[in-house]
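The values are calculated or read from the model by the stated rules, or taken from the named source; none is laboratory data. Quantities reported herein were computed from a predicted structural model and do not represent experimental measurements. Cβ sites come from the backbone with ideal geometry, for glycine too, and all protein chains shown count toward neighbours. SASA here: full protein model, heavy atoms, side chains in, ligands and nucleic acids out. Shrake-Rupley method; radii C 1.70, N 1.55, O 1.52, S 1.80 Å.
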Amino acid sequence: MGTTSATSAISTFACAWCGLTVSAYASDGVARNHCPSCLHSRHVLDQVEGGPSDCEGRMSAIAIAVLRTGDWRVIHRCVRCDELTSNSVRPDDNQLVLMRTAVRPLAQPPFPLEAFGSL
Ligand SMILES: [Zn+2]
Ligand SMILES: [Zn+2]
């Protein structure tokens with residue numbers, strides 16, 4: 001019996017959206033809190049401090065933020081309490097879903113793009 005066996009039992013979680021069994025640690029050993037396949041997360045205690053945390057609502061990835069360092073962060077919004085959080089992108093996150101999330105505002109501009117033609 002190893003002393004580390006107790007923690008291995010809780011090192012996975014089921015994705016709230018697609019049901020994938022997700023390892024709580026990414027391939028680089030850093031803790032992860034969102035699904036690498038669909039990027040959904042769950043609103044639990046280890047999110048933003050001081051917020052209406054722990055509602056356990058599903059959190060959907062609504063945007064990508066780029067830090068000054070060039071690192072990408074996924075912006076999650078809780079579907080139950082509307083709290084926003086940001087989480088660092090993990091190396092095994094689905095790159096197609098990341099790109100789709102990042103370009104979504106460009107694909108759906110709130111104004112007609114024809115205006116740029118006359119500039
Ligand atoms: Zn998922
Ligand atoms: Zn919430």
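Worth a mention:
- When each of Pro91, Pro110, Pro105 is tested for being open to solvent by 60 Å² or more (accessible area, probe 1.4 Å) and closer than 21 Å to Asp28 by Cβ, the lone residue that passes is Pro91.
- Tally, over segment 94-119, of residues that are over 20 Å from Cys15 (Cβ atoms) and touching a residue at least 40 places away in the same chain (Cβ under 8 Å): 2
- Just one of the numbered conditions (1) open to solvent by 90 Å² or more (accessible area, probe 1.4 Å); (2) at pLDDT 85 or above; (3) not basic (Lys, Arg) is not true of Leu39: (1).
- Any chance Arg68 is modelled with pLDDT of 95 or more, of a type in the set (Lys, Arg) and more than 13 Å from ligand 1 (Cβ to nearest atom): yes
- Residue in segment 58-78 that is of a type in the set (Asp, Glu), within 14 Å of ligand 2 (Cβ to nearest atom) and open to solvent by 50 Å² or more (accessible area, probe 1.4 Å) present: no
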